[in-house]
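S.K.: Let me give you the structure first, and then I'll get to my questions.
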Amino acid sequence: MSYFPEVPQIKYEGPSSKNPFAFKHYNPDELVDGKSMREHLRFAAPYWHVMRNVLGDPFGGGTALMPWDDASDSVDNALKRVDVFAEFLEKIDIDFYAFHDRDIAPELNNLAASNDALEKVVAKLKEMQAATGKQLLWGTACLFTHPRYAQGGGTSPNADVFAYAAAQVKAAMDATKELNGLGYTFWGGREGYATLWNTDMQRELDHLAKLLHMAVDYKAKIGFEGQFYIEPKPQEPTTHQYDSDAAACLNFLREYDLMDHFKLNIETNHATLAGHTMFHELTVAANANALGSVDANRGDELIGWDTDQFPTNVYTNVEVMLVILGMGGFTTGGLNFDAKRRRESHEPVDLFHAHIGGMDAFARGLKIAAAIKTDGRIEELVKARYASFDSGIGAKIESGEATLESLAEYALSAGEPALASGRQELVENIINEYL
Ligand code: XLS
Ligand code: NI
Ligand code: NI
C-alpha cells in the first residue's frame, strides 16, 4: 500500500535535471571536505509539520489533503500515520526525524490514557526505526497547545499545571529514550508573559529552572544519553518569551547552573524574529561551545511572524554551513526542517517539492561554504583586520599584560590611530564568486 503513489524514490540527478522529483544538488554520498553530504547535513523531518500540520492560518482552517488521516483522535489513526511517515522518510531519503509527544499520539481524556496512547505509538515507531534505519534526532513535549497551558507550562502561575507539564516531560523523555533519541528539546512554548502587571518574572524563571533541573536529574536516573537542547524564540505565542535569543538562553543556563547539560537548537525564523541574522545566533552559540542543532527554515521579510518556510535562501544556508563546518560539524544535532508548506500548497506531493527544495538549497550551502573555506581569502581578510593584536601593544592587551596606565602612556606617544578598511564590499564580491 502506497500513500504517495505518484512520487518515485527521490534520487540525485544533477543540476541539469528537470525532473521535479529529483535532487539537483543533494548527492548524499558525494564527499565534501572529506565527509559525505549525508553525514554533513543530517537532515531531519518534523512530525508536526509533515504529518499534523493541516495548513491553517489565523484567518482560515486547514487546507492540507491527507487522504490517509480520518481526523479522529484514535490510536489507530495515530498508528497509521507512522506508516505514512515511514514511506515519506524513505522516499525523500531523510535519515532523522523529530516529534512532540502530542504529534505522534493523541491527547485523550486524562493523563493516564494519553500516556498509554503515547506508549503504543512509540512501540510502533520503534518497529519503524528497526525496519528502516531511521533515527530520532530529538523528542519533546508539547506544553503549549492544550488550554491548561494557556498561562505557561513550567512558568504557569498554577502549581498543578507545573506538575502536569513535568509529567508530560517525564513521559516524553521516556519515549525519547525508548527510541534511542539523540537529543531532547525544550522550546519554551508559552514560557513567557503578556504583561508584567500580572506576572512575577523572577518566580517564573526560578520555576523554569526547577523544571530543567528535574529533567537533568531524571535523565541521569534513567540513563538517557541524548543531548538536551533549548530553542530560543523572542515572541509568539507570548509577547515576551523568556528564551528570547541565544545570548538570553546562555545567560539563563549560566545563572541557573545548567550550562553543562544543555546546548542550543537554533531556528532561522526565530533568529530573524529576534532581530538577528541566523549567522549571528549560530555564532553566539558556537562561541560558547553550545551550538547543538538547527531548525532549518526561514521567515518572510514582509510578514512579521514565524512563517516557517522552507530554507531555500542559499545565501543564508552558506552562512549556516560555514558556522557548522567551523565547529567541526554536528555531533548529536542535525538540520531539522521546522518548516511547513504554504496554505496554497495543499497536495501531498507538495511535501516532497518542499523538502527537495530545502535539501538542494542546503547542499548548495554546504558546497559553497566548503569552497569559501578552501579558498581562504575571506579568512585571510578577517585575520588581517586584527593583525595589530598579533604583536606589540595588541599582544600585550590580549595577554593581560597591559593596564590602563600603560595604554595611556602608549597612546600619548603613538599619536592618532590609522584605520585599515573593513573591506565589506570586497568580501561580498568574493562570496558572490561562489554563488
Ligand atoms: C515553534 C518551535 C517549535 C519547536 C519544537 O516555533 O519552532 O516547533 O521547534 O517545539
Ligand atoms: Ni523549532
Ligand atoms: Ni518556530
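S.K.: Any chance you could count how many residues in region 213-265 are away from ligand 2 (no atom under 16 Å from the Cβ) and within 21 Å of Thr176 (Cα to Cα)?
M.R.: Residues that pass the stated criteria total 17.
S.K.: Of the residues Gly328, Gly392, Gly304, only one is within 15 Å of ligand 1 (Cβ to nearest atom) and either within 24 Å of Leu65 (Cβ to Cβ) or without any contact (Cβ under 8 Å) to a residue 40 or more places away in the chain (or both); which?
M.R.: On inspection, the qualifying residue turns out to be Gly304.
S.K.: In region 124-140, which residues are more than 16 Å from ligand 3 (Cβ to nearest atom) and either within 14 Å of Thr176 (Cβ to Cβ) or among the charged types (D, E, K, R) (or both)?
M.R.: Once the filter is applied, which keeps residues that are more than 16 Å from ligand 3 (Cβ to nearest atom) and either within 14 Å of Thr176 (Cβ to Cβ) or among the charged types (D, E, K, R) (or both), region 124-140 yields Lys124, Leu125, Lys126, Glu127, Gln129, Lys134, Gln135, Leu136, Gly139.
S.K.: With under 21 Å from the mean Cα position of the chain (by Cα), polar (S, T, N, Q) and surrounded by fewer than 23 Cβ atoms within 10 Å (Cβ to Cβ) as the only criterion, which of Thr332, Thr374 stands out?
M.R.: Thr332
S.K.: For region 301-320, state whether one or more residues are at pLDDT below 95 and open to solvent by less than 40 Å² (accessible area, probe 1.4 Å).
M.R.: Within region 301-320, one or more residues are at pLDDT below 95 and open to solvent by less than 40 Å² (accessible area, probe 1.4 Å).
S.K.: Evaluate region 395-415: report whether one residue or more is within 30 Å of Val320 (Cβ to Cβ) and either of a type in the set (Ser, Thr, Tyr) or free of Cβ contacts under 8 Å to residues at least 24 places away in the same chain (or both).
M.R.: yes
S.K.: If Tyr434 passes every condition in (1) within 23 Å of Ile378 (Cβ to Cβ); (2) of a type outside the set (A, V, I, L, M, F, W, C); (3) open to solvent by less than 50 Å² (accessible area, probe 1.4 Å) but one, which one does it miss?
M.R.: Exception for Tyr434: condition (3).
S.K.: Would you pick out the residues in region 25-43 that are of a type in the set (Asp, Glu) and part of a helix (DSSP H, G or I)?
M.R.: If the condition is that a residue be of a type in the set (Asp, Glu) and part of a helix (DSSP H, G or I), then Glu39 is the only one that fits.
S.K.: Determine which member of the set Leu407, Leu366, Leu419 is at pLDDT 95 or above, buried (at least 16 other Cβ atoms within 10 Å of the Cβ) and more than 30 Å from Gly60 (Cβ to Cβ).
M.R.: Leu366
S.K.: Can you tell me which residue is farthest from the chain's Cα centre (by Cα) among those in region 262-291 that are part of a strand (DSSP E or B) and either among the hydroxyl-bearing types (Ser, Thr, Tyr) or within 16 Å of ligand 3 (Cβ to nearest atom) (or both)?
M.R.: Checked region 262-291; the qualifying residue farthest from the chain's Cα centre (by Cα) is Leu264.
S.K.: Report, ordered by the first and then the second residue, all pairs with beta carbons closer than 6 Å, sequence separation of six or more or different chains, a first member in region 195-212 that is under 16 Å from Asn158 (Cβ atoms), and a second member that is aromatic (Phe, Trp, Tyr).
M.R.: Thr199/Tyr193
S.K.: Return the residues of region 167-198 that are surrounded by fewer than 18 Cβ atoms within 10 Å (Cβ to Cβ) and either β-branched (Val, Ile, Thr) or touching a Ser or Thr at 6+ places or on another chain (Cβ under 6 Å) (or both); say none if nothing qualifies.
M.R.: Ala194, Thr195
S.K.: Of everything in region 267-323, what is within 13 Å of Phe362 (Cα to Cα) and aromatic (Phe, Trp, Tyr)? Give them in sequence order.
M.R.: If the condition is that a residue be within 13 Å of Phe362 (Cα to Cα) and aromatic (Phe, Trp, Tyr), then Phe310, Tyr315 are the ones that fit.
S.K.: Looking at region 273-293, can you tell me whether even one residue there is under 26 Å from Leu41 (Cα atoms), of a type in the set (Val, Ile, Thr), touching a helix residue (DSSP H, G or I) at 6+ places or on another chain (Cβ under 7 Å) and within 14 Å of ligand 2 (Cβ to nearest atom)?
M.R.: no
S.K.: Being over 19 Å from the mean Cα position of the chain (by Cα), β-branched (Val, Ile, Thr) and outside any loop (DSSP other than H, G, I, E, B) is the filter here, so list the residues in region 203-248 that pass it.
M.R.: Val216, Ile222
S.K.: Whether any residue in region 191-202 is within 16 Å of ligand 1 (Cβ to nearest atom), over 17 Å from Ser293 (Cβ atoms) and in a loop (DSSP other than H, G, I, E, B) is what I want to check.
M.R.: yes
S.K.: Conditions first: (1) without any contact (Cβ under 8 Å) to a residue 40 or more places away in the chain; (2) among the aliphatic types (A, V, I, L, M); (3) touching a Pro at 6+ places or on another chain (Cβ under 9 Å). Val7 passes all but one, so which condition is the exception?
M.R.: It fails just one condition, (1).
S.K.: Here is a further query. Please go through region 1-24 and give me each residue that is of a type in the set (Phe, Trp, Tyr) and either in a loop (DSSP other than H, G, I, E, B) or open to solvent by less than 60 Å² (accessible area, probe 1.4 Å) (or both), ordered by number.
M.R.: Just the residues of region 1-24 that are of a type in the set (Phe, Trp, Tyr), to begin with: 3-4, 12, 21, 23.
Result: Tyr3, Phe4, Phe21, Phe23.
S.K.: Would you pick out the residues in region 119-139 that are aliphatic (A, V, I, L, M), in contact with a helix residue (DSSP H, G or I) (Cβ under 8 Å, 6 or more places away or on another chain) and closer than 18 Å to Ile94 by Cβ?
M.R.: Selection gives Leu125, Met128, Ala131, Leu136.
The values are calculated or read from the model by the stated rules, or taken from the named source; none is laboratory data. Only a predicted model underlies this, so the values are computations on that prediction, with no experimental measurement involved. Cβ: placed from backbone, ideal geometry, glycine included. Neighbour counts: every protein chain shown. Quick note on the areas: whole protein, heavy atoms, side chains included, nothing else; ligands and nucleic acids left out. Shrake-Rupley method; radii C 1.70, N 1.55, O 1.52, S 1.80 Å.
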